[in-house]
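Everything below concerns the one structure shown next.
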Amino acid sequence: MTPVSARDLTVRFPRRPHPSLQGVDLDVASGGQHLLLGPSGAGKSTLLRVLAGVVPGTVHAEVTGSVTTTGSVGYVQQNPHDALCLPDVDSEVGFALECAGVPTSEARARVPAALAAVGAAHLRDRDPATLSGGEAQRVALAAVLVGDPDVVVVDEPTAMLDPAAARGVAGLVARRGRAAVVLAEHRLDLGAPLPDAVTVLDAQGRVVACGPTRHVLADTHAVLEAQGCWLPMSVRAAVHGHAAALALPHTYRRERRLAPGAALLVAAGMGVRSPDGVDLVRDVDLTLRAGTVTAVIGVNGAGKSTLLRAVSAVVPTKGTVRGGRVAYVAQDPEHQFLGRTAGADAALGATRDVAEVLATFDLTDHADRDPFRLSGGEQRRLALAGAVASGRDVIALDEPTSGLDRRHARDVLAAIDRHAAAGGAAILTSHDLTLVAENADDVVVLHEGRLVARGAPDDVLHDTVLGPFGLTVPALLHARRSAGLRADGTPARDRANTAARS
């Protein structure tokens, strides 16, 4: 029997005018890997929740058609923190084995092995509540894989991971042996093999393409681009030609200004210490200037999110932070929602036209919806809309494009660009170093809470600079430089202008 099978699957949620999924068919054999692609809100997460039994088992919905899964099912959801509830990581990963009646002696060996496989062995004694998003993502994956389930259902397994960790996790998921794997993923250029088969969903939750991944990507690239899907560099090169593909923006490329403006926020000797006395951010000096975008990069657990919370006055700090109030968007945006509807939430503290801002983020049709019923990508866009609507000079954005399709990621980056062009400043974290190359004026590298490198993207985004701190430059940036381009894909002869700007 096929471990995963769906026939004519349709899912309707209460108070939604249209189904989230319509007539979906899906088959995944033992040892098979199946990728789900589609724009944000296409129903990818809904399909995974149905396969995992969360819908309609826990989340009410009208489900018609048939769904069959054979054997045990392991589910890694989009927000890993929501799945972690025990006092330490060791207990969290061992819980599945305890429930399955695995002998204690065997569990003691399997838990460390599962954590080591996802690069999280050093987190074994940590409280899950203190983990960064990327660390939590590794632990949640280990907690599922330790049980060796027959079916593995994974929602954006690399969205919060640094590049090296993402490659490792993608490779680990690809080596699940006999398990049937179904995953939603936007990051297709990690260097790990892509799944054997793919199903593409459109914005209405309908299947528009299905089959072997290589053939679907090659034959339906125009449909995929129109749907807002990310495409691997190999496909873009085949479509546009290698040279043209290198020069094309990966997502969105800012037109940088020649000179930054006045300082809008100045931090001196800034530090953050955890309740148990661990220094999370140490003696950071940082200036955010009008008209600029600053990107903070580093491996998982380097202190990036804590730094953003510090400049936003979300956590107490040492040192000084001078400047106006900061609009802050967290890595888990649903934790910030206070309004009963998306429109009401964006309107809280707004000084700009809310309808206009919602339209900017493609949320007009969702204005009357419960924010907690939005997809992960829609929730992220709503939180960003609220930050922009606040009209504050400085916006701090933690992984603003994580989990977004290419079209909506482009819209978000364009909104950040407009904010800077209007005299504001933005500081963001990102694991997408190509995005950083194309959109940041200034790059800050954090390692173990310390600022270890800083400069213009073309000066910082080199393996010689980043390698000692666990980061690697994407292959696309290497290819651009080999072709005589700057890291952002523009001609290298314009480098003098960049130097003048920085």
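Bear in mind that the values in this text are calculations on the coordinates, not laboratory data. Model, not experiment: these values are computed from the prediction. Reconstructed Cβ throughout: ideal geometry from the backbone, glycine too, with neighbour counts over all protein chains shown.
Residue farthest toward the positive end of the dipole of the chain, with Cβ of Lys/Arg at +1 and Asp/Glu at -1: which of Leu363, Gly269, Leu145?
Positive-most Cα among the choices belongs to Gly269.
Which ordering of Tyr328, Tyr252 is given by a fewest-first count of other beta-carbon atoms within 10 Å?
Numbers: Tyr328 22, Tyr252 19.
Starting with the residue having the fewest Cβ neighbours, the order is Tyr252, Tyr328.
In degrees from 0 to 90, rounded to the nearest 10, what is the angle of the helix 163-174 Cα long axis to the longest principal axis of the chain?
10
With unit charges on the beta carbon (Lys/Arg positive, Asp/Glu negative), name the residue among Ala440, Ala346, Ala290 whose Cα is farthest towards the positive pole of the charge dipole of the chain.
Result: Ala290.
For the range 262-474, what does the relative contact order come out to in percent, with C-alpha contacts under 8 Å and a separation of six or more? List each step's numbers first, then the result.
Working: 452 pairs, mean separation 58.6, N = 213.
Once divided by the residue count of the range 262-474, the mean separation gives 28 percent.
Which percent, to the nearest 5, of DSSP beta bridges fully inside the chain are antiparallel? Write down the numbers at each step before the final one.
On the way: 35 of 69 bridges.
Of those bridges, close to 50 percent are antiparallel.
Please give the helix 133-145 orientation as an angle from the longest Cα principal axis of the chain, in degrees from 0 to 90, rounded to the nearest 10.
10
When Phe361, Phe337, Phe372 are ordered from fewest to most other Cβ atoms inside 10 Å of their Cβ, what list results?
Listed from fewest to most nearby Cβ atoms, that is Phe372, Phe337, Phe361.
Taking neighbour Cβ counts within 10 Å as the exposure measure, how do Met1, Met233 sort from fewest upward? Walk me through the numbers on the way to the answer.
Working: Met1 8, Met233 19.
Listed from fewest to most nearby Cβ atoms, that is Met1, Met233.
With labels modelled as points extended 7 Å from the Cα through the Cβ direction, what inter-label distance (nm, one decimal) is found for Asp459 paired with Arg340?
Taking the simple label geometry, Asp459 and Arg340 are separated by 5.3 nm.
Please list 288-299, 58-69 highest first by mean number of surrounding beta-carbon atoms within 10 Å per residue. Can you show the working numbers first?
Working: 288-299: 23.6, 58-69: 14.3.
Most protected by this proxy first, the peptides run 288-299, 58-69.
Only four residue types carry charge here, +1 at the Cβ of Lys and Arg and -1 at the Cβ of Asp and Glu. Report the dipole size of the range 79-149 about the Cα centre in Debye, rounded to the nearest 20.
That gives the range 79-149 a dipole magnitude of about 180 debye.
Quick one: putting +1 on the C-beta of Lys and Arg, -1 on the C-beta of Asp and Glu, what dipole do you get for the chain around its Cα centre, in Debye to the nearest 20?
On the way: 50 positive and 55 negative charges, 195 e Å.
In debye, rounded to 20, the chain gives about 940.
If you count, for each residue, the other Cβ atoms within 10 Å and average over each peptide, how do 270-278, 418-426 line up from highest to lowest? List each step's numbers first, then the result.
On the way: 270-278: 12.9, 418-426: 19.2.
Result, highest mean first: 418-426, 270-278.
Order of 34-43, 81-90, 379-388, 173-182 by packing, highest average Cβ count within 10 Å first?
Details: 34-43: 24.4, 81-90: 16.5, 379-388: 27.6, 173-182: 19.5.
Averaged packing, sorted descending, gives the order 379-388, 34-43, 173-182, 81-90.
Quick one: go through the range 285-310 and flag any residue whose amide nitrogen is under 14 Å from the point 7 Å out along the Cα-to-Cβ line of Arg322.
So the set is 286-288.
Please tell me the relative contact order of the chain in percent, rounded to the nearest whole number, where contacts are Cα pairs under 8 Å and at least six residues apart. Walk me through the intermediate numbers first.
Values: 1104 pairs, mean separation 77.8, N = 502.
Relative contact order here is 16 percent.
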